[in-house]
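Nothing in this text is a laboratory measurement; each read-out follows from the coordinates by a stated rule. Just so we're clear, the structure is a prediction, and the values are computed from it rather than from any experiment. We place every Cβ from the backbone using ideal geometry, glycine too, and count neighbours over all the protein chains shown.
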Amino acid sequence: MKLEIIYEDNHLIAVNKPAGWLVQGDITGDKPISDEVKAYIKERYKKPGDVYLGLIHRLDRPVSGVVIFARTSKALTRMNKLFQDREMKKKYWAITAVRPDPLEGHLTHYLLKDTTVNKTKAFDRLSNKAKNAKKSELDYFLKAGLAGHHLLEINPLTGRPHQIRAQLAKIGCPIRGDLKYGYDEPNKNGSIHLHCREMSFIHPVKKEPVTIRAEVPKDQIWRLFDL
């Protein structure tokens, strides 16, 4: 699959990650998109030796959308601080079969990840059972509904593993194709209908506003909404 570069300068590079691609290598041994980005930089800029590429954040393998990498260690350090200080604004789109009730709202849960099965459980409150859970918050609203599919826009305020997937499942709205979090059938290509649509921040070096936006995958369900 051809690499889709959606932002590039001397400090940062961003891609529209297809669902199914790893962001970085794991035990599967499958080639991650980070290797593709390094190869692109090496070829385009005729870089000798190894190419520096800093991992700023991740997307789950079945999720598509914006992934940003740092091209310098300075940019990596400063971008990490933006994430830590919650100065990175993130917009996701998700498609569910169940319409949320209410149609918009703020969700607060406490998330506990079970690394043995790579799944996160959401709790309404802290308890002895979930004493190590991390507070997780997001805002959502129903953007559109058509033919039994509901398009939600989500703005996560924290950055926990599987946060959106777990929190939407907790309110009875699992994401289309997400068997791990309660959807009843898989998507044929193994994807789920969760897409990182947009990330906005102040550039770590240029100190100017930046918004990086990724088009949704070209499948028939996303196309229902004429996005």
P(r) of the chain in 10 Å steps, Cα pairs, percent per bin?
-> 7, 31, 36, 21, 5, 0
Debye, to nearest 20: dipole size of the chain, +1 on Lys, Arg Cβ, -1 on Asp, Glu Cβ | 620
Under 27 Å from the Cα of Lys135 - lysines, other chains or at least 8 residues apart | Lys81, Lys89, Lys90, Lys91, Lys113, Lys119, Lys121, Lys143, Lys170, Lys180
Can you give the FRET efficiency for Thr211 and Lys129, using 1/(1 + (r/R0)^6), R0 = 35 Å, r = Cβ-Cβ distance, to the nearest 0.05?
-> 0.30
Mean ellipticity per residue at 222 nm, deg cm²/dmol - from DSSP H runs of n ≥ 4 across the chain, formula -39500 (n - 2.57) | -4500 deg cm²/dmol
Quick one: Kirkwood hydrodynamic radius for the stretch 48-143, alpha-carbon pairs, angstrom, one decimal?
-> 16.6
Compute the distribution of all C-alpha to C-alpha distances in the stretch 44-84, in bins of 10 Å from 0, and list the percent of pairs in each, rounded to whole numbers.
-> 25, 43, 28, 3
Cα-based Rg and Dmax for the stretch 161-201, where Dmax is the largest Cα-Cα distance (Å) = 11.1, 36
Which angle between 0 and 90 degrees, to the nearest 10, do you get for helix 73-84 versus the longest principal axis of the chain when only C-alpha atoms count?
-> 20
13 Å cut-off, amide nitrogen to a point 7 angstrom out along Ile5 Cα→Cβ, residues in the stretch 49-92 | 69, 71
Go ahead and set up a Gaussian network model of the chain, Cα springs under 10 Å, then flag whichever of Leu111, Leu194, Leu55 fluctuates most.
-> Leu55
Please sort by residue number the trypsin sites (Lys or Arg not before Pro) in the stretch 1-70 whose DSSP state is loop and whose Cβ has at most 15 other Cβ atoms within 10 Å.
-> Lys2, Lys46, Arg58
